[in-house]
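Read through the structure below, which is laid out as structure tokens, and then see the notes.
The values are calculated or read from the model by the stated rules, or taken from the named source; none is laboratory data. Values in this document were obtained by computation on a predicted structure and should not be read as measured data. Virtual Cβ from ideal backbone geometry, glycine too; neighbours counted across all protein chains shown. Just the protein is used for accessible areas: all its heavy atoms, side chains included, with ligands, DNA and RNA removed. Shrake-Rupley method; radii C 1.70, N 1.55, O 1.52, S 1.80 Å.
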Amino acid sequence: MYQRVRYDLNEELRKIKSGGLYKEERIILSDQKPGISVSYPVGSESREVLNFCSNNYLGLANHPRIIEAAHKSLDQYGFGMASVRFICGTQDIHKKLEKKISAFYEMEDTILYSSCFDANGGLFETILSSEDAIITDSLNHASIIDGIRLCKAKRYIYDHSDMKSLEKALKAAREGVDLFDHHPGLDKEPNPARNIMIATDGVFSMDGDIAKLDEIVELAKEYDAMVMVDDSHATGFLGEKGRGSIEYCDCLGEVDVITSTLGKAMGGASGGFITGKKEIVDMLRQRSRPYLFSNTVAPAIVGAALEAFDILTESNDLRKKLMENTSHFRKSISQLGFDITPGVHPIVPILFRKFEDDAQLSQVFSRDLYEEGIYVIGFFFPVVPKGQSRIRVQISAAHTTEQIDKAIAAFEKVGKKHKVIK
Amino acid sequence: MAFSEAHRNIFQTELNGLKEQGLFKEERIICAPQSSEIEVSFPFGAEEKRVINMCANNYLGLSSHPDVVEAARKGLDHRGYGMSSVRFICGTQDIHKQLEQKLTEFLGTEDTILFPSCMDANCGVFEAVLTDQDVMIADRLVHASIVDGMRLAKAQQDTYKHSDMEHLEKKLELHQDKRLKVIITDGNFSMDGDLAKLDKIVELAEKYNALVFMDDSHASGFIGKTGRGTHEHCNVIGKVDIITTTLGKALGGASGGCVSGRRELVEMCRQKARPYLFSNTIAPVVVEGALAVLDLISRSTERRDKLEKNTEFWRKGLTEGGLIIKEGETPIVPVMLFNAKLAQDFAKDLYEMGIYAIGFFFPVVPKGQARIRTQLSAAHDMHHLEKALDAFLKVGKKHNILHKTKQEIIDMYGQ
Amino acid sequence: MSDLKDVILEYVQEEYLEDDDDIEVTYDTPLISGGIVDSFSMVSLKRFLETRYNIQIPDSKATPQAFDTVNNIIKLMKEFGIE
């Protein structure tokens, strides 16, 4: 049997390659940090490059205190639990971490997941039924989309961060009509939603733009809807105390459900969580499939995550450093004449909107930067819309000013070479 | 925010309903590493109690094995704590490739791709490799994560009666016209502890030109002569096209899973499987631990052999003592009680006597098939098992079900 | 009319009950809420009806409630002119 499948699959893989969409992995021979050792292509001699494409926003991925905490936890709590939570896979440190996260966000309760992908995958189906409606930003992360695909609630999509479009969707959901008449003749009877939930990323990962949470919360009140925010690209560093887009938009206590990750700024190993209303979290513990059917976060990672939250509450230094680095890079790179989306987030997209061959340019540009010792990724359609190909730069608190200046110099050199800047 | 009192009430009512039906799940807090004996605080905050653990998936007893912990420490020191990135951006280290290679060798396949969990592997694989011209034909008792993966895939879905080869053949005939037919099964079914008839499945797959998919989470590391899993036990190594399995049970028990199988299928997952593309892979500390586990069990079959002996002792002891168990040969041993309330009471009594095991009932298992599921481990020593057996028989006696037939127990307690 | 009833009943017994099941399925036995047919296997029941009677049941009508008892399925089939 497999022979024919092999043929078909090879054909499809060839197409992916010729479309320039083939994903290749670069193998890192060191821990995650600003200066990493990379072997690329596979098997070639390794070289040192500066990493500007990780989500290691606070530089905690190899922070000595985090490593030490993980060691301690391994010694005290072992390697694995070999069980799901409700059988024999819950340790006191898991409850401690859930409490700590609740306190951090001033929320009622928190539930850990093995990843934020799983948190989003298990959220909607559990708390929304076919009588309910979910209203989602068109640029939400893939995991929210998958979560919604598994859920029976009626779906409404609103244009990215467009409050008029959101209001239209809210109205439609309240009245129980389809926004688009997908099935003429069917569902003619209006069917008003029982519960409505608005779902949005706190920060959108491709542009680094922040959701208009204050306005979303206002609309939610008006239409009696719940609000869910995935704050993966904000937890730990956005807002005065690092409480993410919710704090940045002054909406603490106004968002009903927050999902986020421990896999980016908070040390970057793995794990995610949902924090929010007590009854919702209780419901998730009873019914959420990725929680019921998969091990939770391993003890070593729980110990380190506890330490990460402690580091953040003790001092603002890392956050301050990250914001200084970000504004330095943003300022210098726009002064050079690059086309960047304005903002404050350490995700800095450098666009090629004025160029016809923007997709190709994004690839050549990132390759040349790599030659200069700067590791970044070029994104193009279909990951981002046509004409909006880009280099996505991610700044970290662990970058030194010299390292950032080196990146800026490399951008200048490569930019001039390709006539992207003068 | 608009989480009103009305919202709160909707959820509270549903939660109360679960409590009334006895379906509310409560977590017991363990204050120590996973092991054959654990300190449990239940309810949370209550004084810690030392109990023998009969419900972990810690089949090989490696979850807190010193060599594994030591390797994990090495991982932390050499490769740091987190990657803060998905695989194809900057989240792949040399040790991730090493682990994939090791798993490929161990499972006897062509290639392997790591996932954050086996749940994620099952959720991502079908959508990545199948189209709407294909059909997935699944055993009716496959694990919930496979069901989720099937729900996300575009291929048509069908099922066959649990391990019923005639019914499977009928379904293969019915779907003869499809581009790809994939037979989907667990290797070891987690609720009953029975193994798939994998040799027969492979035979049918060859006859009807179908692919075979198997989730071997409850077998990898200990089923088969050298612990490679159900395909080794059934003598069909190399003939199962896709194997998914977990590092979260016998193989260390921390976290992580994988898809292992035909090279092109694995490659397709790297390009398209959403949980792989959109989530961090396994952290370095867990990767190094898993590498040490594979080393340990490739060097010697001592641990799986001990598990096999423990299993024999346990199955024989329960049967001779007069309890009804699901027959089989795996370390998952369900003690059948048929009635939900009896199962709960039985578990409670066991806990009082220092034995931790869980009662399962509808909807987790079919109505009228309530049970206590026991799981053996190589970490159990004879004195643990003797004590546990003694407790099971005492509690069985208390409830007057020793040496009774299924019908007699149902007559006493209802179904 | 009894024809259709019996065809469905026989299919359910044949397709969903295991040999050692001692459950008796009648026209009013809850199939899905009673745990006899899971939502996946419902798909094969839907497919069986569609091919046998040459109809298309839209997903919006193929609800777990509509398929929960043999009597409910009869009601649904009536909407397609099958009796």
Discussion item. Taking the condition of being at the interface with chain A (Cβ under 7 Å from one of its Cβ atoms) and in a loop (DSSP other than H, G, I, E, B), how many residues in the range B:29-42 meet it?
Written reply: 3
Discussion item. I need the helices (runs of 4 or more DSSP H) fully contained in the range A:44-140, keeping only those with at least 3 residues that are facing chain B (nearest Cβ under 9 Å) and either hydroxyl-bearing (Ser, Thr, Tyr) or under 30 Å from residue C:65 (Cα atoms) (or both).
Written reply: A:116-127
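One line per residue, one yes/no per condition, for (1) closer than 25 Å to residue B:373 by Cα; (2) without any contact (Cβ under 8 Å) to a residue 40 or more places away in the chain; (3) surrounded by 18 or more Cβ atoms within 10 Å (Cβ to Cβ); (4) not polar (S, T, N, Q):
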| site | (1), (2), (3), (4) |
| --- | --- |
| B:150 | no, yes, yes, yes |
| B:168 | no, yes, yes, yes |
| B:173 | no, yes, no, yes |
| B:180 | no, no, yes, yes |
| B:199 | no, yes, no, yes |
| B:205 | no, yes, yes, yes |
| B:215 | yes, no, yes, yes |
| B:225 | yes, no, no, yes |
| B:231 | yes, no, yes, yes |
Fill in: Single unsatisfied condition, residue A:283 versus (1) more than 9 Å from chain B (Cβ to nearest Cβ); (2) closer than 30 Å to residue B:10 by Cα; (3) not charged (D, E, K, R)
(1)
Fill in: Test result for residue B:289, more than 7 Å from chain A (Cβ to nearest Cβ), in contact with a Gly (Cβ under 7 Å, 6 or more places away or on another chain) and surrounded by 24 or more Cβ atoms within 10 Å (Cβ to Cβ)
no
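Inside the range B:3-14, can you point out the residues that are surrounded by fewer than 15 Cβ atoms within 10 Å (Cβ to Cβ) and either basic (Lys, Arg) or within 10 Å of chain A (Cβ to nearest Cβ) (or both)?
Within the range B:3-14, B:4, B:6, B:8, B:9, B:13 meet the criteria.
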Practice prompt. For the range A:233-271, enumerate the residues that are more than 10 Å from every other protein chain (Cβ to nearest Cβ), open to solvent by 10 Å² or more (accessible area, probe 1.4 Å) and within 15 Å of residue A:60 (Cα to Cα).
Written response: A:233
Worksheet entry | When residues of the range A:178-200 are limited to those that are surrounded by fewer than 16 Cβ atoms within 10 Å (Cβ to Cβ) and away from every other protein chain (no Cβ under 13 Å), the one modelled with the highest pLDDT | A:192
Worksheet entry | Subset of the range A:299-325 (residues that are open to solvent by less than 50 Å² (accessible area, probe 1.4 Å) and within 21 Å of the chain's Cα centre (by Cα)) | A:301, A:302, A:304, A:305, A:306, A:308, A:309, A:312, A:318, A:319, A:322, A:325
Worksheet item: Quick one: would you say residue A:284 is surrounded by fewer than 19 Cβ atoms within 10 Å (Cβ to Cβ), in contact with a strand residue (DSSP E or B) (Cβ under 8 Å, 6 or more places away or on another chain), assigned by TED's automatic domain parsing to the domain that holds residue A:126 and farther than 20 Å from residue A:396 by Cβ?
Response: no
Discussion item. If I filter the range A:365-386 down to residues being open to solvent by less than 10 Å² (accessible area, probe 1.4 Å) and more than 19 Å from residue A:23 (Cβ to Cβ), which single residue comes out as nearest to the chain's Cα centre (by Cα)?
Written reply: A:374
Response to the item:
When the range B:50-85 is checked residue by residue, the ones that are more than 7 Å from every other protein chain (Cβ to nearest Cβ), in a helix (DSSP H, G or I) and under 19 Å from residue B:221 (Cα atoms) are B:66, B:67, B:71
Response to the item:
Sole miss for residue A:32 among (1) open to solvent by less than 10 Å² (accessible area, probe 1.4 Å); (2) facing chain B (nearest Cβ under 7 Å); (3) assigned to a helix (DSSP H, G or I) is condition (3)
